[in-house]
Amino acid sequence: MSASAIGTGRIAARFAALKAEGRGGFVSFITAGDPDPATSAAILAGLPAAGADIIELGMPFTDPMADGPAIQAASQRALAAGQTLRGTLDMVRRFRAGDAETPIVLMGYYNPIYIYGVEAFLRDALEAGVDGLIVVDLPPEEDDELCLPAMRAGLSFIRLATPATDDQRLPTVLNNTSGFVYYVSILGITGTRSADDEAVQAAVERLKRHTDLPVAVGFGIKTADAIARISSLADAAVVGSAIVDRIRDGLGTDGTAGPDLVEDVLAFVKELAAGARCSMRESAAE
């Protein structure tokens, strides 16, 4: 099944709407269940009104090897509060009761899905209202494990490309990719360094020569100004660690959510989202 045969749902509709507006999108990441299921669900419910165009929802895992300290800690908080993969799907299901349009992409690692059972997971994810998957530890050589079943079921399977993905490797990475391509703008783990604009521009241009899919850029993007710059170069900018850090900062000394945590996090997301609204492109006036 080709990538163009997928992408007919919420993800494609959202990128089409962003293109019509003449701006790049803002993708926000939170870890499901962080710092506790109820607080996390309240943040999730408020993200679209705060300006998130697409939501990445992290599936907590005990060994998030591609993530930096901030998201590792978020996973630990969520797991300690009792978050499970089934609970994450329930969060999406409740979100969908009030929002039928904002795309939700689950991001994480294969082990929890494997334990859940691929067939059961895909069935339940679709029923809950999930639109796509980013599974960072399944390379293209393992597409039979999850990628191809997910695409057959109707879920987008979003692949990562990095500065180390050369032209020889890129076609393999892009094969069976759908929804959008997630460009990791730095080498290393999340939340540790900032992206270089010129390097991002060159990378996005190279990716666009190989695919018609939208390109979202993540890792190292922490401010509204950075979002404005990146989302003018790519189809969307992704922010994760900065939002997760804001959640952490709203915890009391006992590790529980303070009374203003949800309001503060959503206000911060609104500030970030303003950056994408500043990335209006010349094509909007054409």
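Since every read-out is calculated from the coordinates, none of them should be taken as a lab result. For clarity, every value in this text was computed on a predicted model and none was experimentally measured. Every residue, glycine as well, gets a Cβ built from its backbone with ideal geometry; the counts of neighbours run over all protein chains shown.
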Inset, instruction - Report the one residue of S28, L170, I11 whose Cα lies farthest in the direction of the positive end of the charge dipole of the chain (charges on C-beta: Lys and Arg +1, Asp and Glu -1; origin at the Cα centre). - result: I11
Inset, instruction - Determine which aspartates and glutamates satisfy two conditions relative to K270: a Cα distance under 15 Å, and not lying fewer than 8 residues away in the same chain. - result: D53, D225
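Kindly state, to the nearest 0.05, the FRET efficiency for H210 paired with A80, given R0 = 41 Å and r defined as their beta-carbon distance. Mind showing how you got there, number by number?
Working: r = 42 Å, r/R0 = 1.02.
The calculated FRET efficiency here is 0.45.
For the residues S232, S28, what sequence is obtained by ranking on other C-beta atoms within 10 Å, fewest first?
Values: S232 18, S28 26.
Exposure proxy ranking, most exposed first: S232, S28.
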Inset, instruction - As a check on your grasp of the helix formula, calculate [θ] at 222 nm for the chain: sum -39500 (n - 2.57) over DSSP H runs of n ≥ 4, divide by the residue count, round to the nearest 500. - result: -13500 deg cm²/dmol
